[in-house]
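The values are calculated or read from the model by the stated rules, or taken from the named source; none is laboratory data. Nothing here was measured: the structure is a model prediction, and the numbers come from that model. Don't worry about glycine lacking a Cβ; one is built from the backbone with ideal geometry, like all the others, and counts go over all protein chains shown.
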Amino acid sequence: MSADSFVDHLEIEGIKVNCGIIHTKDITFASKDPALSNHVLFQVKAFSCNYRDKRLILNTATSSSANRFNAIGSEFVGVILSVGSNVTDLKPGDRVIGNNCYPDSGVLGLPPGVPTNHASKEFRILHQAKLMKIPSIMPDHVAASFSIGGQTSYSMIRKLQIQPEQNILVTAAKSNTSLFVLHALQKYRHKMGIRVYALTSSGKLVDKIQSIGVDRVVQIRPNSEPWIDPETAKSILEETKGGFHGIIDPFFDLHIAKMLPVMKPEAKYITCGLYDQFTDLTGTQSPNIGLSPQHLLYTAMIYNLSIIGNCIGLTSDLAQAVEDYAQGNLPVVVDSVYKGRDVAPFFDRMYNSPDRFGKVVYSYEN
Ligand SMILES: NC(=O)c1ccc[n+]([C@@H]2O[C@H](COP(=O)([O-])OP(=O)(O)OC[C@H]3O[C@@H](n4cnc5c(N)ncnc54)[C@H](OP(=O)(O)O)[C@@H]3O)[C@@H](O)[C@H]2O)c1
C-alpha cells in the first residue's frame, strides 16, 4: 500500500473529480464472533471499475462537499486473512474475487448482486457466499478485472441457447463486457461453427477486435446517418441470409431500434445495460432510443422474437468462466495497471481514453 495519503484530481465528463488514497484505521475481525461465523476478512490486492461506477463517481463529485470521499470500485482480488467458524471452503492465503450472483445470492437474507461498490477499500469483511476462490494461474491484474465481465457474459451467452451455425452479433465490441463476450464466444465458433459479427464505433481498433476471432467487424457512426455504410449493411444481410439468430447488446438505448430489422424470425436479443446512466448528473443529452414500446412489442410478436434482459449471472456462470480461463479458453483483455500515486491517471485511462482496450486496474502491490 502506498505510504502517504494524498489527493489529486481530474475531469470526467467535464466535472472535477477529486481522487487519491486515504489511510484510515485498520478494521478488526473477531473470527469467533457468532455474527461473523460465515464471514471472512481479506486484503484487497488490486481493484477495477466498470461503466456503472462512473455514475457513483460523478454523483459523489457533484453532490458531496470537496472534503468528503467515497471509496470506489466494483471488482477486486483479495487474499484471505482470517475466516469465521463456519467457513470451511476458504482459508487464510486463498485468493478470492467477488461473486455477484443475481438475482439470488443463494443465502437467505443475503443481498444478491455485486458484493461491494467500495472494492478499493483495502481491508474488507464479506460473507463467504459473496466470494469465489480463484486458481493460482490467474494473476492479480486479471483477477481484479474478471468477476462482473465473466459472470455477465457467461449468463448472456447461456440465455441465448446458441445452436450450430447461427449468426451472432455483438454491439459495442470494445466495451469490457463485449470483449468478454467475444472471447467467450470463441468456443462456440470453433465447436459449433457459429459466425460472430461485431459492431464498434472505434474505427481504429477494428483489426484488434477482429483478431479476437470475429468473422466480421463493422464500424458504426453513432451520431450520423446512415449509421452503417449502406453497401456494408446490404452485404451483411446477404451473407447472413437475412440477419442474426442472436444479438448481445450492452447499451440497449443506443442500439435496439437498429437491431429489430436485422433479427431473423425467432431470434433472441439480450441486453445487460444502457448508455444513459449519468446524463442527469452531467446535464448532457440522453440518447434517443428511436423506438416506441408499441413498435418494439409488435415486431417481437409478429416475428416471434425474444427480447431478454440480463443482470449479472449465476454462481455457475462465474465458476465456468474461471474454469475456462484456467483451461486457457478465456483470455482477459487488460489495458493497463496503475500503482502508487497514479490514481488520477488510473481514472483518466478508465473513463477518458478513447483508445482504452480492456480493463484498467489499480494495484496496491509495488
Ligand atoms: N446488468 C449487468 O449485470 C451488467 C454487467 C456488466 C455490464 N453492464 C452494462 O454493460 C454496459 C457496458 O459496460 P462496460 O463496463 O463494459 O462499458 P465500457 O467498457 O465502459 O464501454 C465502453 C464502450 O461502449 C461503447 N460506447 C460508449 N459510448 C458510446 C456511444 N455514445 N455510442 C456508441 N458506443 C458507445 C464503445 O464501444 P465501441 O468503441 O466498440 O463502439 C466504448 O468503447 C453498461 O451499460 C453497463 O452498465 C451491465
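Annotation note: of Ser5, Ser48, Ser64, the sole residue that is small (Gly, Ala, Ser), within 29 Å of Ser336 (Cα to Cα) and either over 23 Å from the mean Cα position of the chain (by Cα) or surrounded by fewer than 18 Cβ atoms within 10 Å (Cβ to Cβ) (or both) is Ser5. Across segment 25-82, the qualifying residues are those that are assigned to a strand (DSSP E or B) and among the aliphatic types (A, V, I, L, M), and the one among them that is farthest from the ligand (Cβ to nearest atom) is Leu81. Taking the residues in segment 210-225 that are near the ligand (Cβ under 9 Å from one of its atoms) and in a loop (DSSP other than H, G, I, E, B) as candidates, determine which candidate is nearest to Ile236 (Cα to Cα). Here the residue is Ile220. Restricting attention to segment 139-169 and to residues that are crowded, with 24+ Cβ neighbours inside 10 Å and more than 27 Å from Asp104 (Cα to Cα), the residue that is farthest from the ligand (Cβ to nearest atom) turns out to be Ile168. Within segment 90-115, being within 15 Å of the ligand (Cβ to nearest atom) and assigned to a loop (DSSP other than H, G, I, E, B) holds for Asn99, Asn100, Cys101, Tyr102, Pro103, Asp104, Ser105, Pro111, Pro112, Gly113, Val114, Pro115.
All of Val360, Val332 fail the test of being at pLDDT 95 or above, within 19 Å of Glu11 (Cβ to Cβ) and within 17 Å of the chain's Cα centre (by Cα), apart from Val360. Against the test of being of a type in the set (Ser, Thr, Tyr) and over 20 Å from Asp324 (Cβ atoms), the options Ser211, Ser201, Ser145, Ser178 yield a single qualifying residue, Ser201. Candidates in segment 267-297 are the residues that are in contact with a Ser or Thr (Cβ under 8 Å, 6 or more places away or on another chain) and among the small types (Gly, Ala, Ser); of these, the one that is farthest from the ligand (Cβ to nearest atom) is Ala267. Scan segment 176-209 for residues that are aliphatic (A, V, I, L, M) and away from the ligand (no atom under 16 Å from the Cβ) and the total you get is 2.
Would you be able to say whether some residue in segment 316-335 is away from the ligand (no atom under 13 Å from the Cβ), outside the structural domain of Ser155 (by TED's automatic domain parsing) and of a type in the set (Phe, Trp, Tyr)? The answer is yes; a qualifying residue exists. Among the residues of segment 321-336, those that are surrounded by fewer than 20 Cβ atoms within 10 Å (Cβ to Cβ) and not in a loop (DSSP other than H, G, I, E, B) comprise Glu323, Asp324, Ala326, Val334, Asp335, Ser336. With the requirement that a residue be of a type outside the set (A, V, I, L, M, F, W, C), in a helix (DSSP H, G or I) and in contact (Cβ under 8 Å) with a residue 12 or more places away in the chain, what does segment 198-209 give you? Listed by number, the residues that qualify are Gly203, Lys204, Lys208.
It is to be established whether one or more residues within segment 207-225 are exposed (fewer than 13 other Cβ atoms within 10 Å of the Cβ), touching a strand residue (DSSP E or B) at 6+ places or on another chain (Cβ under 9 Å), modelled with pLDDT of 95 or more and assigned by TED's automatic domain parsing to the domain that holds Tyr275. Within segment 207-225, one or more residues are exposed (fewer than 13 other Cβ atoms within 10 Å of the Cβ), touching a strand residue (DSSP E or B) at 6+ places or on another chain (Cβ under 9 Å), modelled with pLDDT of 95 or more and assigned by TED's automatic domain parsing to the domain that holds Tyr275.
I need the full set of residues from segment 276-308 which are closer than 24 Å to Lys54 by Cα and either in contact (Cβ under 8 Å) with a residue 60 or more places away in the chain or in the same structural domain as Asp104 (by TED's automatic domain parsing) (or both), in order please. The answer is Gln277, Phe278, Leu281, Thr282, Thr284.
Looking only at residues of segment 294-319 that are of a type outside the set (A, V, I, L, M) and within 27 Å of Asn176 (Cα to Cα), we find that the one that is surrounded by the most Cβ atoms within 10 Å (Cβ to Cβ) is Gly313.
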